[in-house]
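**Q** What follows is a single structure, and I will ask about it in a moment.
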Amino acid sequence: MDETRAAVRVMQDYITEHISEEITIEDLARCSSFSPWYARKLFVKHLGMTPAVYIRRLKLSKSALRLRDEKLTVLDVAMEMGFGSVDGYQRSFRREFGCNPKEYALSPIPIWLFTPYFIMDEERKMRKMSEIRNVFIQVIEKPSRKVIIKRGVNANEYFSYCEEVGCDVWGLLTSIKSISGEPVCMWLPSEMRKPVTNEYVQGVEVEEDYSGKVPEGFDILDLPAATYLLFRGEPFAEEDYEAAIVEIWDAEKKYNPEFIGFKWDDKNPRIQLEPRGERGYIEMVPVKKI
């Protein structure tokens, strides 16, 4: 991995770990082992924004989720997230999301949260995980629910979807409170697609009686109660996410659900969760009783 890319990733990791604190360019220079001037230059080169803008946007997005999910005042959130003043926080929040934080806390609406792109170690990313690893499988039940989705046209997996629709959709979906605690990616069965739309979508599962706002350009689908086999791999290094995904895909291809009295269900979507190294990669494949 190029040492300058590695330095930017170190800075990103430092920011993530200290996001509720005051972070200075001197802190980033120290952790990356470069001068403040050069650390800032590298950050802008690889991420397209200054460290100050990156930190501010990330703080604001995390503060929005706290306002949505925790019983905190605007003052509490502003102070705990390291903003200098409530007035400054409110102005920044409005500029970023187009609404007042107090109004947002009382009535959350979909907003475009900042979801940073993390620099990856290219050499390790292409490496195969060679040690023997386990894949855990369990039967789970999903209730009747709705899902708010953003369709594309040709995408059939994450990377082609991001190229076509844009990776920032994830931030908007994250801002919508989900019954499953996080957004999802789905491969839709043919019955849920439109004539000119794709199989792979990103979305957020909400209550069956959801009556909140659906963002412009998004669709909302009714999903019936369904049984799924949840496939989960072991934790992995973030740079190994592609190998972790392939590991689960191979397990799904080899597994015969008839062993436990099921067969694959092609009328419900297959579900992918965000690859997070600390919990292992997770997919849910629909099944039905034989």
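**Q** Per residue of the stretch 55-72, in order, report the coupling 6.51 cos²θ - 1.76 cosθ + 1.60 (Karplus, θ = phi - 60°) as ³J(HN,Hα) in whole Hz, putting x for Gly and Pro.
**A** Couplings: 5, 4, 5, 5, 4, 5, 5, 5, 5, 4, 5, 5, 5, 6, 9, 10, 7, 10 Hz.
**Q** Could you point to the label whose value was computed as Rg and Dmax of the Cα atoms in Å for the structure here, given [x] 19.9, 63; [y] 21.3, 79; [z] 20.9, 65?
**A** [z]
**Q** Quick one: 3J(HN,Hα) in Hz for the stretch 174-180, Karplus 6.51/-1.76/1.60 with θ = phi - 60°, rounded, Gly and Pro as x.
**A** Values, residue by residue: 4, 6, 8, 5, 9, 5, 9 Hz.
**Q** Going by the alpha-carbon gyration tensor, a ≥ b ≥ c the square roots of its eigenvalues, is the stretch 3-106 rounded (a/c under 1.5) or, if a/c is not under 1.5, prolate (a/b greater than b/c) versus oblate? Each step should come with its number before you reach the end.
**A** On the way: a/c = 2.59, a/b = 2.28, b/c = 1.14.
Prolate, because a/c is 1.5 or more and a/b exceeds b/c.
**Q** Continuing with this model, one more query. In whole Å, what is the distance between the alpha-carbon centres of the stretch 251-290 and the stretch 158-229?
**A** 18
**Q** Another one. At a Cα cut-off below 17 Å, give the lysines reachable from Lys254, other chains included and same-chain residues fewer than 8 away excluded.
**A** Hits, sequence-local ones excluded: Lys263.
**Q** Let me ask something additional. Setting aside same-chain residues fewer than 8 positions from Lys213, which lysines have a Cα under 20 Å from its Cα?
**A** Partners found: Lys102, Lys146, Lys150, Lys177.
**Q** Sticking with this one: Between the helical axis of 36-47 and the dominant principal axis of the chain, each derived from Cα atoms, what acute angle in degrees is found, rounded to the nearest 10?
**A** With rounding to tens, the tilt is 30 degrees.
**Q** Working from Cα positions, state the angle (0 to 90°, nearest 10) between the long axis of helix 86-97 and the longest principal axis of the chain.
**A** 50
**Q** Find the relative contact order for the stretch 135-289 and round it to a whole percent, using C-alpha pairs within less than 8 Å whose residues are 6+ positions apart. Walk me through the intermediate numbers first.
**A** Numbers: 312 pairs, mean separation 48.3, N = 155.
Computed over the stretch 135-289, the figure is 31 percent.
**Q** Same structure again: Remind me, relative contact order of the chain in percent, using alpha carbon pairs under 8 angstrom and six or more residues apart?
**A** In percent, rounded to a whole number, it is 17.
**Q** Could you go through the stretch 269-281 in sequence order and give the Karplus-derived ³J(HN,Hα) for each residue, using 6.51 cos²θ - 1.76 cosθ + 1.60 with θ = phi - 60°, rounded to whole Hz, and x for Gly and Pro?
**A** Each residue of the stretch 269-281 in turn: x, 7, 10, 10, 9, 4, x, 10, x, 5, 10, x, 6 Hz.
**Q** Separate question: From the square roots a ≥ b ≥ c of the eigenvalues of the alpha-carbon gyration tensor of the stretch 150-290, which class results: rounded (a/c under 1.5), prolate (a/b over b/c), or oblate?
**A** Numbers: a/c = 1.55, a/b = 1.20, b/c = 1.30.
Oblate, since a/c reaches 1.5 and b/c is not below a/b.
**Q** Which order results if Phe136, Phe231, Phe43 are arranged by neighbouring Cβ count within 10 Å, fewest first? Provide the component values of the computation, followed by the final result.
**A** Details: Phe136 12, Phe231 21, Phe43 26.
Ordered from fewest to most neighbouring Cβ atoms within 10 Å, Phe136, Phe231, Phe43 come out as Phe136, Phe231, Phe43.
**Q** Separate question: No partner Cβ under 4.7 angstrom, meaning no disulfide-compatible partner by this rule: which Cys of the chain qualify?
**A** Cys31, Cys99, Cys185
**Q** Taking the 0 to 90 degree range and rounding to the nearest ten, how far is the long axis of helix 241-254 tilted relative to the main principal axis of the chain, both from C-alpha atoms?
**A** 10
Bear in mind that the values in this text are calculations on the coordinates, not laboratory data. Since the structure is predicted, the reported quantities are computational estimates derived from the model, not experimental observations. All Cβ positions, glycine included, derive from the backbone under ideal geometry; neighbour counts span all protein chains shown.
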